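Working notes, structure below.
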Amino acid sequence: MTGKEFLNGVTHSRRDIVEVLLGLLDKTESEYCVIGGLAVNAYAEPVVSLDLDLVVVSDRVEALRAAARAEGMNVQTFEHSVNLSAADSDLRIQIQTDPRYQEFLPRARRKTVLGHDMSVASLSDVLRGKSWAYSDDARRKSKRQKDLADILRLVETHPELTEQLPPRIAAILDE
């Protein structure tokens, strides 16, 4: 079973929604990078996730929303994100619109994640994004625990990242 087949199976996708998204990003000439759990999977042993989190260069978000709607995807806009979904897949796509993530774009690199060639935030930026997410007390506790587990996966695979951890997170990981 290929990585693509695995991801499509886990997300119950009747079509490859990641490929659809990558096609829409290309069609709308949208610079992007993956920043969430799938980005962690690019740097550590993969774990299953139904989420695909990314940042898109801010001046292309509206074009991507329109292209996703034209593709028949459901588009929801929130304060710090645009969420895309499709009836024929359980994959949840979240475009992060928090301006802090825009600085990740120039440092992104091409990686293969579960069979998909995509732009992924740099290792340090993935760690920083996960640290921001974990430190956001407004997030559900279960999401924050997953963020902490992702941070631990990164640090175990890349011990040199330990020095980049915020003191609060480093103390938790030392327990």
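Read-outs throughout are calculated quantities, based only on the coordinates presented, and are distinct from any laboratory measurement. Computed from a prediction, not measured in an experiment: that's the story for all the values here. Ideal geometry is used to build each Cβ from the backbone, glycine not excepted, and the neighbour counts take in all protein chains shown.
Quickly work out the Asp98-to-Thr77 label distance, labels modelled 7 Å from Cα along the C-beta direction, and quote it in nm with one decimal.
2.1 nm
Using Cα atoms only, what is the angle between the long axis of helix 141-157 and the major principal axis of the chain, expressed in degrees (0 to 90) to the nearest 10?
70 degrees
So what's the angle, to the nearest 10 degrees on a 0 to 90 scale, between helix 123-135 and the longest Cα principal axis of the chain?
The answer is roughly 80 degrees.
By DSSP, what percent of the beta bridges with both residues in segment 3-121 are antiparallel, rounded to the nearest 5?
75 percent
Show me the GluC sites (Glu not before Pro) within segment 34-112 that DSSP assigns to loop and that have at most 15 other Cβ atoms within 10 Å of their Cβ.
The qualifying sites are Glu79.
Do any trypsin sites (Lys or Arg not before Pro) in segment 53-148 lie in a loop, going by DSSP, with at most 12 other beta-carbon atoms within 10 Å of their beta carbon, and if so which?
Hits after loop and neighbour filter: Arg140.
Cα atoms only: what Rg and Dmax, in Å, come out for segment 22-72?
Expressed in Å, the Cα Rg and Dmax of segment 22-72 come to 12.4, 35.
For helix 17-27, report the angle its Cα long axis makes with the longest principal axis of the Cα atoms of the chain; keep it between 0 and 90° and round to the nearest 10°.
80 degrees
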